[in-house]
Ligand code: G1P
């Protein structure tokens, strides 16, 4: 019998090996995950969301040119010594708290073979337990519970993989993994089919997967058995379909707001959203 503690998700994986070509030249020498929304890099928002959900072991699947992420989640002695005792010290209190209360592990994806392959590369960090996955490009705001915390609650009930979904306009469905499912409530679906970036006009619904997942560890073997799919890459959507056929994938229409910060428009919208929130709080 699983008890409440066994159902707590402790680990969260951040696939961050991608190049971020849509933001060139800004991302030529800097990871796209370090682009700031106001004063905070995108990846820190994601780690804060994981932290709020109780996931304190953070794993990054990195690639070449991503060193700045490791440095961000570490102490910067010289800088911190410089600003100690000044008003600027508080600017680092948020990141200091994350560093003190979390552990950070890194592994590299050697070749870009898709999101499924990136998640498989994280197996050594995750081991044999359920875990969260955050795609930092998708910036989510929700109060009082962040999206990952909402999903962690749902996991306790269903104990199977969960994907976050949102309704998108039909003409955008081809940019996402799209699910088909049996509605259990207005927000919760048991997934019956899912397809990665369906050709225009063929999507089974307008329910698109966004970059938040909770995965059960059997996913690793399923990824290993999954042949390359869309764009010749190993897709997590395809591996999840095998779980879905067994009735083991839940799709959850999260409460909150999500910005696609992998696109310039979404990035600007997120910046404006945060800026007006900041102004309101002043
Ligand atoms: C990935 C997933 C896709 C999902 C999307 C959410 O695609 O493969 O299923 O809908 O993230 O952002 P990517 O945007 O990395 O191409």
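Things to note:
- Mean Cβ count within 10 Å, highest first, over the residues of peptides 74-87, 16-29, 135-148: 135-148, 16-29, 74-87
- Applying 0.36 nm per residue to the separation of residue 159 and residue 83 and subtracting their alpha-carbon distance, the gain on full extension is 22.8 nm.
- Axis angle, to the nearest 10 degrees, between helix 147-158 and the longest C-alpha principal axis of the chain: 40 degrees.
- Residues in segment 156-191 that a label on residue 225 would reach, taking backbone N under 18 Å of a point 7 Å out along Cα→Cβ: 161
- For the pair residue 100 and residue 253, label points projected 7 Å from Cα toward Cβ lie 4.1 nm apart.
- Ranked by how many other beta carbons lie within 10 Å on average, peptides 121-131, 160-170 from highest: 160-170, 121-131
- Note on segment 159-282: antiparallel DSSP beta bridges, both residues inside, total approximately 75 percent of the bridges counted.
- Binned Cα-Cα distances of the chain, short to long, each 10 Å bin given as a whole percent: 6, 28, 38, 21, 6, 1
- Global size of segment 98-173: 15.0, 44 Å for Rg and Dmax (C-alpha atoms, Rg to one decimal, Dmax whole).
- P(r) of segment 103-146 over all Cα-Cα pairs, binned every 10 Å from zero, in whole percent: 20, 48, 27, 5
- Acute angle (nearest 10 degrees) that the helix 42-52 long axis makes with the longest principal axis of the chain, alpha-carbon atoms: 70 degrees
- Over the chain, DSSP H runs of length four or greater, each weighted -39,500 (n - 2.57), average out per residue to a 222 nm ellipticity of -9000 deg cm²/dmol.
- For segment 224-282, the convex hull drawn through the C-alpha positions has a volume of 127 cubic angstrom per residue.
- Cα coordinate range in segment 136-282, projected on the principal axes (Å, largest first): 52, 34, 27
- Residues of segment 216-245 with amide N under 20 Å of a point placed 7 Å along Cα→Cβ from residue 111: 221-239
- Each Cα pair under 8 Å and six or more residues apart adds its separation to the average, and for segment 1-131 the resulting relative contact order is 35 percent.
- Angle between the chain longest axis and helix 236-245 axis [Cα atoms, degrees, rounded to 10]: 40 degrees
- Here the calculated FRET efficiency for residue 192 and residue 7, from their Cβ-Cβ distance with R0 = 25 Å, stands at 0.50, rounded to the nearest 0.05.
- Taken as Cα centroids, segment 71-88 and segment 15-54 sit 20 Å apart, rounded to the nearest whole angstrom.
- Taking 0.36 nm per residue of separation and subtracting the current Cα-Cα distance, fully stretching the chain between residue 68 and residue 281 would add 73.7 nm.
Just so you know, all these numbers are worked out from the coordinates, no wet-lab data involved. Quick caveat: nothing in here was measured; it's all calculated off a predicted structure. Ideal geometry is used to build each Cβ from the backbone, glycine not excepted, and the neighbour counts take in all protein chains shown.
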